[in-house]
Amino acid sequence: MKRVSSTALASSAVFSVFRERWVLDDGLEVTRDVVRHPGAVAIVAETDGDGEPELLLVRQFRFPVQEALLEIPAGLKEPGENPEECARRELLEETGYEPVTLELLARVLTSPGFVNEEMWIYYARARRAETQAEQDEGEGVSLVRVARSEALRWVEEGTIRDGKTVLGLILAYGTRGRAHERDDGGAADGET
C-alpha cells in the first residue's frame, strides 16, 4: 500500500484531520479521512497505605456523549513528553496523588479505523502528593475513591462505560470469568 496524497481538513489543539488517498496492493485507489492524535495515557491507580486500597476514579462531563462519566485518570501526551512522565503528571493533576509504583499494563490503539491514537495504560500504587498540581482549565474533574470490588461491579452493571476504564480494570484485575462458565460448573468449550 502507498499513500499518494494527504490534505489537511481541520486542526485543533488536540488533533488534526486529513483526507488521504491510498493505492492498495491490488491497484485500487481509496480515500480515507484520518485523525492524527498525539497519544494519551490512562492510569489504574490504587491508594497505597494502611487498610484496603481504594481505586482512584474521576468523574468528568464528556461533551460528545453529553454525560458525566466515571473514568480512570487519563490525559494527552504533551509534545516531547514520554508516556511515563505523562502518566505521573496526569495522575497528579486529576487526583492529587502521585505514583509510588508505576507499571505499564498495555500499549493499545484506541480506534485504528480512523485515528492513530496510541494509549499507554498503567497500573499505579499512589499516595497523596505533598504539592498539588493545577487541573487543566475547563476540565471539571472530581475525584471518586471506591473499593476495587465496587468498581468492578459498576463495570458489570454498566455504570462504568468508558472503554479505556473498562480495559484498564480488566488488565489490572482480570475478569470474573462469567463469559466462560457453564451451568454445570465445568470449563467452557475449548478450556482445560
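A few remarks follow.
- Packing-based order for 23-34, 86-97, 151-162, using average beta carbon neighbours within 10 Å, highest first: 86-97, 151-162, 23-34
- Surrounding net charge for Gly113, when Lys and Arg each add one and Asp and Glu each subtract one, Cβ distance under 13 Å: -1
- Net length gained if the chain between Ser6 and Glu20 were fully extended (0.36 nm per residue, minus Cα distance): 4.6 nm
- Chain lengthening between Val144 and Glu103 when straightened (0.36 nm per residue, less Cα-Cα): 12.6 nm
- Placed amide H near Tyr97: partners under 5 Å, 5+ positions off or other chain: Ala129
- Of the options (i) 8, 29, 30, 18, 12, 2, 0; (ii) 8, 25, 22, 19, 13, 8, 3, 1, 0, 0; (iii) 10, 21, 18, 15, 12, 9, 7, 5, 3, 1, 0, only one is P(r) over Cα pairs in 10 Å bins from 0, in percent as computed from these coordinates, and that is (i).
- Built amide H within the under 5 Å cut-off of Thr110, gap 5+: Glu117, Met119
Every read-out reported here was derived from the displayed coordinates using simple, explicitly stated rules and does not represent laboratory data. Worth saying up front: this structure is predicted, and the values here are computed from it rather than measured. Don't worry about glycine lacking a Cβ; one is built from the backbone with ideal geometry, like all the others, and counts go over all protein chains shown.
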